[in-house]
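Trainee: After the structure tokens below, expect a handful of questions from me.
The values are calculated or read from the model by the stated rules, or taken from the named source; none is laboratory data. Small disclaimer: the values here were computed from a predicted structure and weren't measured. When we count neighbours, we look across all protein chains shown, and the Cβ atoms used for this are built from the backbone with ideal geometry, even at glycine.
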Amino acid sequence: MAELDDRLVLCFSSIFPALTEEEIRGSDVALLSDMDSLAGVTLVALIDQEFGVEIDLEDLLRLRSFGAVQRYLCERRVLNLSPKEQIIR
Amino acid sequence: MKLLEALEVLKRPISEPTSTRELFLECGFTPLHLQTFLAAHLRLCFPQSRNEIRTGLYGDLAGNLERLQPSNGSIICAVVEWADLDPRLGFRSLGSWRSTDIPKVVESARRQSERLALCVEHLAERAPVYASLPTLPLPPIFVTRGSQVHHQECELRQIVASVATSISACQRVKVVNAQRLDEISPFGERLDPKAEIGSGFPYSLEHASRLAEMIATLIRDQPPKKGLITDLDDTLWAGILGEIGVEAVSWEMSGGAHVHGLYQRFIESLGTAGVMLAAASKNDSSLVEQALARKDILLSRDALFPLEIDWGPKSTSVGRILKQWNIAPDDVVFVDDSPMEVAEVHAAFPQMECVVFPKNDCHAVWDLFKQLRDYFGKGSVSSEDQIRLRSIRSAAAVRDSLHAPGHDADSFLRDAQATISFALEADVRDNRAFELVNKTNQFNLNGRRLSQSDWLNFHQSPCAFMLTATYEDKYGPLGKVAVVMGNNDGSKLHVRSWVMSCRAFSRRIEHQCLRYLFEKMGVDQIVLDFKATPRNRPIQDFLAALLGRPASPNLSIERASFNAKAPALHHRVVEVTDDRIEGKREESLESHRLCCQ
């Protein structure tokens, strides 16, 4: 969980280098993406490549907060595991 | 490289940027992550340069290229995909795929490809162009099953091959090698249909990164290595000569030694492209001469110069070869089957590429040939490349004569019957001059390299001049050996670049260059943009002798002082004028004008 959290912060900070970690954690994804139309598309590609989770831009924007994105990824990654792996977790 | 890594690379500040490179990334799709990867790979290739990447309009590659007005120093990347030849060959258009429409698609692709090729050729007159031709799979729009190729599909591939043939022959166009891309980017994993439909970006991230890396490598254009030093036993041939004898060493399939025959053929091919070849072997020299004299050997004895055969350390032999060639270790590749010898030479010359010959591994030999081609690869083979070995031999003969005891340099040079042919035409197509400026280290005024863009800019300057010198004497031709480039402000010359091949040392060609410039240009002063580098000692010594003091930046030489201090010059001087250059320049300007209209 901590590792996922750190990597997600890294993804955000690579696209929004001016934001501090605290600002990233408190950020609204939709507002951030509104500031730069390419940012959302890049964030979707980063999440796909870094976490192996495909998400549509619209779904990402609906999640809004950093925490919601984090929870979404956590759930999707668990769902992607085999039933046996889920039990072990 | 992953996207996150690319973004991280781009976040790093550039400490003291030395230059800014303007790059036009032209493609018909949204450049998106290709732009990010290209910027990141360029940053890795040129850590001190700032890259400003500009892009064009979506869906109009040909229009983007036609509208392009590259400024001085710009470079152009044209990334073509099938949809740029006809939108119906992409995944985003909803154009008809009816079987009766496919011939129209092919015809439209043919017309569009001709338009693109013309754009690229015109742009290459003004700036270097790096092109990638379709890398994605064609959509399954042909009536045959996937396992059977349809002739219309073949026609489309032929159209692309025809564009590649045409533009890759242009001097300032470099085309991404599709075969190499196939090796590093699996064909079935290149297309990302979801990204193409969603954002207009058709590439998977992995493919975008690999393609960007290849384009950045082309732009980087590392100068090729100059010489290859090879071992003999178990490398040039199979077997230990001293143990099994002259007739038993082999390089044929029947003796299980086919890879050694291939190696002989391969380095012979390098030699014919101007790569200097020499051998360093712990061996008996008379046995080596006998083995190299065998009638069935594939690599001619004459292709190797010098042969350093003795029982001393390999690094000592390699050092002597470097001295004969008069080049630096980082211009050389050393090949030997013994990892220990390779390590010993590498320890003595850390800058040298030292490679183990994989005598028992055919796959590794194939990879070695690819690696060697990458070290020595160049755009074309010049006439100088073809006489290089001969001129190295004659340079060595001249050096030996000059250093012989009781030798008189003046009488030797008088007897050499030397002719210097000077050309004062600034010919932008002179590849050899461009190569000399970018490869020469020792007699180099300031070590400054010129990119293709710098080269073009220089030739567009109205007061620029370029002098080239071609040399020949009774020992043989050396080819084009010196280039002087600069500006003439009427009262004095400003020399920005001055290089001379190390093969041409000790012949007073450098003095004759200055004398010719003073007389031909009618000036009394030549200002030299000199800068000392770790490797340009020969030009430092030459200038110090002329000036009577160590050379310093922006030094100037007066005609009277030069005449007083120059030694006797015995060359026959010939002036070369080429009317075709003027004609070609007019053609070039005309096509430039057409392109701008």
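Trainee: Looking only at segment B:137-158, decide whether some residue is without any contact (Cβ under 8 Å) to a residue 60 or more places away in the chain and under 30 Å from B:ARG449 (Cβ atoms).
Mentor: Looking through segment B:137-158, none of the residues is without any contact (Cβ under 8 Å) to a residue 60 or more places away in the chain and under 30 Å from B:ARG449 (Cβ atoms).
Trainee: Can you tell me how many residues within segment B:355-377 are surrounded by 16 or more Cβ atoms within 10 Å (Cβ to Cβ) and in contact with a Pro (Cβ under 8 Å, 6 or more places away or on another chain)?
Mentor: Within segment B:355-377, residues that are surrounded by 16 or more Cβ atoms within 10 Å (Cβ to Cβ) and in contact with a Pro (Cβ under 8 Å, 6 or more places away or on another chain) number 5.
Trainee: Here's a check for you: in segment A:29-38, which residue that is more than 11 Å from every other protein chain (Cβ to nearest Cβ) and surrounded by 14 or more Cβ atoms within 10 Å (Cβ to Cβ) is modelled with the lowest pLDDT? Reasoning before the result, please.
Mentor: Within segment A:29-38, the subset more than 11 Å from every other protein chain (Cβ to nearest Cβ) is A:29-36.
This time we only want the ones that are surrounded by 14 or more Cβ atoms within 10 Å (Cβ to Cβ), so: A:29-30, A:32-33.
On the way: A:VAL29: 71, A:ALA30: 68, A:LEU32: 68, A:SER33: 63.
Among those that are more than 11 Å from every other protein chain (Cβ to nearest Cβ) and surrounded by 14 or more Cβ atoms within 10 Å (Cβ to Cβ), it is A:SER33.
Trainee: While we're here: For segment A:11-25, give me the residue count where each residue is polar (S, T, N, Q), surrounded by fewer than 18 Cβ atoms within 10 Å (Cβ to Cβ) and closer than 16 Å to A:VAL69 by Cα. Walk me through it before giving the result.
Mentor: Start the filter on segment A:11-25 by keeping residues that are polar (S, T, N, Q), which leaves A:13-14, A:20.
Now narrow it down to the ones that are surrounded by fewer than 18 Cβ atoms within 10 Å (Cβ to Cβ): A:20.
Going one step further and asking which of them are closer than 16 Å to A:VAL69 by Cα, we end up with none.
Total satisfying the criteria: 0.
Trainee: Still on this structure, please answer the following. Consider B:LEU68 against the criteria (1) out of contact with any strand residue (DSSP E or B) (no Cβ under 7 Å at 6 or more places or on another chain); (2) more than 24 Å from B:ALA178 (Cα to Cα); (3) of a type in the set (A, V, I, L, M): it satisfies all of them except one. Which criterion is unmet?
Mentor: (1)
Table: residues versus (1) within 11 Å of chain A (Cβ to nearest Cβ); (2) surrounded by 22 or more Cβ atoms within 10 Å (Cβ to Cβ).
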residue	(1), (2)
B:LYS11	yes, no
B:PHE24	no, yes
B:PHE29	no, yes
B:ALA39	no, no
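Trainee: While we're looking at this one, here's another question. Which one of these does B:PHE201 not meet: (1) outside any loop (DSSP other than H, G, I, E, B); (2) within 14 Å of chain A (Cβ to nearest Cβ)?
Mentor: With respect to (1) outside any loop (DSSP other than H, G, I, E, B); (2) within 14 Å of chain A (Cβ to nearest Cβ), B:PHE201 is out only on (1).
Trainee: Further question on the same structure: So B:ASN51 fits all but one of (1) away from chain A (no Cβ under 14 Å); (2) closer than 26 Å to A:ALA39 by Cβ; (3) at pLDDT 95 or above; what number is the exception?
Mentor: (3)
Trainee: Continuing with this model, one more query. From the residues in segment A:46-69 that are surrounded by fewer than 17 Cβ atoms within 10 Å (Cβ to Cβ), farther than 14 Å from A:LEU8 by Cα and away from chain B (no Cβ under 13 Å), which one is nearest to the chain's Cα centre (by Cα)?
Mentor: Going through the qualifying residues, I end up with A:ARG64.
Trainee: Could you grab me the full set of residues in segment B:297-323 that are part of a loop (DSSP other than H, G, I, E, B), free of Cβ contacts under 8 Å to residues at least 60 places away in the same chain and in contact with an Asp or Glu (Cβ under 8 Å, 6 or more places away or on another chain)?
Mentor: B:LEU298, B:SER300, B:PRO313
Trainee: Could you pull out every one of the helices (runs of 4 or more DSSP H) wholly within segment B:330-402 that has 2 or more residues that are small (Gly, Ala, Ser) and more than 30 Å from B:THR468 (Cα to Cα)?
Mentor: On the way: elements: B:339-348, B:362-376, B:383-402.
So the answer is B:339-348.
Trainee: Can you find, within segment B:170-196, the residue that is surrounded by the fewest Cβ atoms within 10 Å (Cβ to Cβ) among those that are assigned to a loop (DSSP other than H, G, I, E, B) and not basic (Lys, Arg)?
Mentor: If we filter segment B:170-196 for residues that are assigned to a loop (DSSP other than H, G, I, E, B), which is where we start, we get B:170-172, B:176-177, B:185-186, B:190, B:192.
Checking the rest, the ones that are also not basic (Lys, Arg) come to B:170-171, B:176-177, B:185-186, B:192.
Working: B:CYS170: 18, B:GLN171: 14, B:VAL176: 20, B:ASN177: 14, B:SER185: 20, B:PRO186: 12, B:ASP192: 23.
Result: B:PRO186.
Trainee: Moving on to the next point. Test each condition in (1) within 20 Å of B:ASP233 (Cβ to Cβ); (2) of a type outside the set (A, V, I, L, M); (3) touching a Pro at 6+ places or on another chain (Cβ under 9 Å) for B:SER317 and report the one that comes out false.
Mentor: (3)
Trainee: Looking only at segment B:141-148, decide whether some residue is farther than 29 Å from B:LEU68 by Cβ and surrounded by 13 or more Cβ atoms within 10 Å (Cβ to Cβ).
Mentor: In the first step, residues of segment B:141-148 are kept if they are farther than 29 Å from B:LEU68 by Cβ; the result is B:141-148.
Those still in the list that are surrounded by 13 or more Cβ atoms within 10 Å (Cβ to Cβ) too: B:141-142.
Within segment B:141-148, one or more residues are farther than 29 Å from B:LEU68 by Cβ and surrounded by 13 or more Cβ atoms within 10 Å (Cβ to Cβ).
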